[in-house]
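Reviewing the structure listed below.
The values are calculated or read from the model by the stated rules, or taken from the named source; none is laboratory data. Keep in mind that what you see is a predicted model, and the values were worked out from it rather than measured. As a convention, Cβ positions derive from the backbone with ideal geometry for all residues, glycine included, and neighbour counts pool all protein chains shown.
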Amino acid sequence: MNVESISLTIDKMNLQDLSQVTEIEKQLFNPPWSYETFLSEVESESRCCLVVRCADGIIGYAICAILYDEAHILSIGVAKKYQKLSIATLLMVEIMDYAISNAVVKVILEVRVSNDKAKGLYEKFGFAPVGIRKKYYTQPSEDAIVYLLDSLHEAQYLIRLDKIRQSLESK
Ligand SMILES: CC(C)(COP(=O)(O)OP(=O)(O)OC[C@H]1O[C@@H](n2cnc3c(N)ncnc32)[C@H](O)[C@@H]1OP(=O)(O)O)[C@@H](O)C(=O)NCCC(=O)NCCS
């Protein structure tokens with residue numbers, strides 16, 4: 001499968017999406033967020049909750065909290081069958097656009113030390129490691145790397161984001 005062969009849309013997550021999102025979450029995370037956790041995220045005014053859909057239904061999602069001028073990416077996941085097709089890249093571009101339009105100046109997130117795929121994704125978007133949270137994760141217990149992006153409004157960053165966007169359009 002390649003991404004050109006799928007017709008994709010990206011939308012705000014709504015209540016009808018939560019069952020599918022929870023099912024994907026179970027494939028990807030241990031321990032997974034519950035339906036109720038996603039429900040409270042969708043109902044929170046400070047959240048940007050997104051889904052990517054194709055003809056099969058929802059295939060990816062992301063949740064970002066915005067507090068004043070800071071954003072925190074809380075979750076991003078892509079169904080296994082659809083990974084490595086730039087779906088997470090599409091979600092990240094949308095989050096960054098949302099953050100920029102909401103006057104966010106820095107974005108932070110945590111990632112498992114061993115999660116090379118996610119670290120690659122975040123580094124592609126210019127995030128850099130700034131610290132460690134010891135034993136932040138359970139099952140298995142693992143440290144988190146804290147990643148920070150604080151150049152969101154710099155001209156160079158906007159160019160970088162545009163290049164990523166163009167790479168999606170050419171796929
Ligand atoms: C991490 C994750 C969201 C990436 O989703 P995806 O749609 O496959 O990612 P993309 O195809 O957009 O790839 C974006 C970048 O991620 C990195 N990446 C993705 N898959 C990778 C892999 N198998 N190996 C190494 N790097 C990988 C690369 O840097 C890639 O950039 P490139 O395509 O320019 O090389 C997905 O693997 C996932 O859902 N993992 C489980 C949940 C998770 O770990 N979420 C993050 C929690 S912090």
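Table: residues versus (1) over 25 Å from GLU154 (Cα atoms); (2) polar (S, T, N, Q); (3) at pLDDT 95 or above; (4) surrounded by fewer than 15 Cβ atoms within 10 Å (Cβ to Cβ).
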site: SER5; (1), (2), (3), (4): yes, yes, no, yes
site: ASN14; (1), (2), (3), (4): yes, yes, yes, yes
site: SER19; (1), (2), (3), (4): yes, yes, yes, yes
site: PHE38; (1), (2), (3), (4): yes, no, yes, no
site: GLU41; (1), (2), (3), (4): yes, no, yes, no
site: ILE58; (1), (2), (3), (4): yes, no, yes, no
site: CYS64; (1), (2), (3), (4): no, no, yes, no
site: GLN83; (1), (2), (3), (4): yes, yes, yes, no
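For ALA65, the criteria (1) out of contact with any His (no Cβ under 8 Å at 6 or more places or on another chain); (2) more than 7 Å from the ligand (Cβ to nearest atom); (3) part of a strand (DSSP E or B) hold in every case but one, which is (1). Set side by side, the residues GLU41, GLU36, GLU23 differ, and just one is farther than 22 Å from LEU90 by Cβ and without any contact (Cβ under 8 Å) to a residue 60 or more places away in the chain, which is GLU36.
Would you confirm, using the coordinates I've provided, whether ARG160 is without any contact (Cβ under 8 Å) to a residue 60 or more places away in the chain and over 18 Å from the mean Cα position of the chain (by Cα)? For ARG160, the condition - without any contact (Cβ under 8 Å) to a residue 60 or more places away in the chain and over 18 Å from the mean Cα position of the chain (by Cα) - is not met. Take the conditions (1) under 25 Å from TYR147 (Cβ atoms); (2) in contact with a strand residue (DSSP E or B) (Cβ under 8 Å, 6 or more places away or on another chain); (3) buried (at least 18 other Cβ atoms within 10 Å of the Cβ); THR89 misses just one of them, which is (2). Selection of first residues in segment 73-93 that are more than 20 Å from SER19 (Cα to Cα) and of second residues that are charged (D, E, K, R) and part of a helix (DSSP H, G or I), restricted to Cβ pairs under 7 Å at least 6 apart or on distinct chains, gives the following pairs, ordered by first then second residue: VAL93/ARG165.
So, in segment 76-113, of the ones that are assigned to a strand (DSSP E or B) and not hydrophobic (A, V, I, L, M, F, W, C), which residue ends up farthest from the ligand (Cβ to nearest atom)? Restricting to residues being assigned to a strand (DSSP E or B) and not hydrophobic (A, V, I, L, M, F, W, C), the top hit is LYS106.
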